[in-house]
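Below you'll find the structure, written out as structure tokens, and then a few comments.
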Amino acid sequence: MTETSQATQEALSYTSYLALDDVLNAQRTRSDEHDELLFIVIHQVYELWFKQILHEMTFLQENLLAGNTAHSIRTLRRILTILKVAVAQIDVLETMTPSQFTSFRARLDASSGFQSAQFRELEAVLGRRDERVFAHYPEDGEQRKRIADAMARPSLFDSFLAYLKASGYPVECDRDVTRPVEPSPALQAILLDVYSDDGGPSVVAESLVDLDEGMQEWRYRHVKMVERTIGDKTGTGGSSGATYLRTTLFQPMFPDLWAVRSRL
């Protein structure tokens, strides 16, 4: 067979390009219950969106560090749109009644959404620094390494600070990036100037507020979904379920961007 004929035979199709044989055979139910397939599909789609958001976050940080305002804003807009789609998917999951979920819940064994390594990595990129999340991952595992690496790198907010400094604002960028972001009156004074100037950096700042609000909306909708599905029962995998999730509500990722609003 010539190279040309072999290439023709192996030409990409819609199915092969998207690896649909792999994707559509990745839903392996553990019961005969009708609603288990929906549960699996929804969570697999979430993981795909988390993967895309992480991909966009890397691009966003690169553009912030390069001082590219237009690309940063466009990338933030895409992330926000993806996040809205992810939140809206909860509406689909909530078409499943508590009894329908209970019908296959026992088959989940120790698996739990708390074990989503991509979401933990996303939290780390956004600035969370909490080593308690490592309890779900083996010490020598690849997932734990990815989360730890994200915690050791500058967060998205650190990249924003570097962007402000490159834009001419007197921002200190020498903080310990392995520590969580703490509110800073000095930074808030600089942010007042950013908003007063009403240029590209102020648009980026507002887009970050949108992102922070979007993440808080995601957490709220997630809590309410869990509450209406299992109430205050222990979550799958032995987690505390809604009780823990409530503690994550209304905790801003970028506290300075919220604190400065009362002074604008």
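Residue-wise test of (1) open to solvent by less than 40 Å² (accessible area, probe 1.4 Å); (2) not in a helix (DSSP H, G or I).
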residue	(1), (2)
T75	yes, no
V92	no, no
R144	no, no
A150	yes, no
D174	no, yes
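Results for (1) at pLDDT below 95; (2) touching a helix residue (DSSP H, G or I) at 6+ places or on another chain (Cβ under 8 Å); (3) within 25 Å of P252 (Cβ to Cβ), shown as yes or no for each residue.
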residue	(1), (2), (3)
T75	no, yes, yes
I82	no, yes, yes
L93	yes, yes, no
Q100	yes, no, no
A106	yes, no, no
A110	yes, yes, no
F119	yes, yes, yes
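State whether one or more residues within region 202-213 are modelled with pLDDT of 95 or more, within 22 Å of R261 (Cβ to Cβ), open to solvent by 40 Å² or more (accessible area, probe 1.4 Å) and more than 18 Å from the chain's Cα centre (by Cα).
yes
Tell me yes or no: at least one residue of region 216-227 is farther than 30 Å from A106 by Cβ, at pLDDT below 95 and among the acidic types (D, E).
Restricting attention to region 216-227, the residues satisfying the condition of being farther than 30 Å from A106 by Cβ are 216-217.
Okay, now just the ones that are also at pLDDT below 95, so 216-217.
Among the residues that remain, those that are also among the acidic types (D, E) are: 217.
So far as region 216-227 goes, yes, one or more of its residues are farther than 30 Å from A106 by Cβ, at pLDDT below 95 and among the acidic types (D, E).
Which of the following residues is modelled with pLDDT of 95 or more and not in a helix (DSSP H, G or I): P138, P154? Steps first, answer last, please.
Numbers: P138 fails: modelled with pLDDT of 95 or more.
Residue meeting the stated conditions: P154.
If the requirement is being touching a Leu at 6+ places or on another chain (Cβ under 8 Å) and buried (at least 16 other Cβ atoms within 10 Å of the Cβ), which of these qualifies: L192, L187?
L187
Which residue out of Q27, Q44 is part of a loop (DSSP other than H, G, I, E, B) and touching a helix residue (DSSP H, G or I) at 6+ places or on another chain (Cβ under 9 Å)?
After ruling out the rest, the residue left standing is Q27.
Mind checking whether some residue in region 98-113 is open to solvent by less than 30 Å² (accessible area, probe 1.4 Å), outside any helix (DSSP H, G or I) and closer than 30 Å to S72 by Cβ?
No, the conditions are met nowhere in region 98-113.
Determine, yes or no, whether D32 is among the acidic types (D, E) and in a helix (DSSP H, G or I).
no
The values are calculated or read from the model by the stated rules, or taken from the named source; none is laboratory data. Since the structure is predicted, the reported quantities are computational estimates derived from the model, not experimental observations. When we count neighbours, we look across all protein chains shown, and the Cβ atoms used for this are built from the backbone with ideal geometry, even at glycine. Just so you know, the surface numbers come from the protein's heavy atoms only, side chains and all, with ligands and any DNA or RNA stripped out. Shrake-Rupley method; radii C 1.70, N 1.55, O 1.52, S 1.80 Å.
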